[in-house]
Structures are given as C-alpha cells and as structure tokens.
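To start, the structure under review is shown below, and the notes come after it.
The values are calculated or read from the model by the stated rules, or taken from the named source; none is laboratory data. No experiment lies behind these values; they were computed from the predicted model shown. Neighbour counts run over all protein chains shown; Cβ positions are idealised from the backbone, glycine included.
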Amino acid sequence: MELIFEIRDAKEGGLYARALGHGIFTVAENWDELRANLIEAVSLHFEEASTRPQLLRMHYVKDELIPVEAA
C-alpha cells in the first residue's frame, strides 16, 4: 500500500504535510526533517506493521499566482 502526502510551503516558513484520506499531519523546517517526521507519524498512526503502508509518496504542491496584463 502507498500513502500519499500533499506537501506545501508553510506561510511562517518550512513545510507542512497532510496524508490524503488519513488524519496524519506534520510540519518541518526542511525536506530531510519532513521525511523523518513522516516516517515517525506513519509509524504512530499505523501501530501494527501489517497495516502500515509500504511506501510514502511526497507530492509537493506550489501555488503561484501570475498576473496577466489586459491586452
């Protein structure tokens, strides 16, 4: 089983992640710290190894607004 996390930039700096379809949420200052936090959060959420996902997908989403001048 694969668990997908949506990763976004936090307004106050760093990153936050939330699992799609599960109540798992974590924050971190950088990508490496976020990876470690995700592994820990998933281990705590899925206590039994038999139900724990085998893969974590980190999907980074970046919103950007680009103004388009009127022609």
Please go through the stretch 36-51 and give me each residue that is surrounded by fewer than 14 Cβ atoms within 10 Å (Cβ to Cβ) and either within 18 Å of Glu2 (Cβ to Cβ) or acidic (Asp, Glu) (or both), ordered by number. Ile39, Glu40, Ser43, Glu47, Glu48, Ala49, Ser50, Thr51
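Determine which member of the set Ile7, Ile39 is out of contact with any His (no Cβ under 7 Å at 6 or more places or on another chain), at pLDDT 95 or above and β-branched (Val, Ile, Thr). Walk me through it before giving the result.
Values: Ile7 fails: out of contact with any His (no Cβ under 7 Å at 6 or more places or on another chain).
Among Ile7, Ile39, only Ile39 is out of contact with any His (no Cβ under 7 Å at 6 or more places or on another chain), at pLDDT 95 or above and β-branched (Val, Ile, Thr).
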Run His59 past the list (1) over 15 Å from the mean Cα position of the chain (by Cα); (2) exposed (fewer than 15 other Cβ atoms within 10 Å of the Cβ); (3) not hydroxyl-bearing (Ser, Thr, Tyr) and report the number of the one that doesn't hold. (1)
So, in the stretch 21-33, of the ones that are within 14 Å of Leu3 (Cβ to Cβ) and of a type outside the set (Gly, Ala, Ser), which residue ends up farthest from the chain's Cα centre (by Cα)? His22
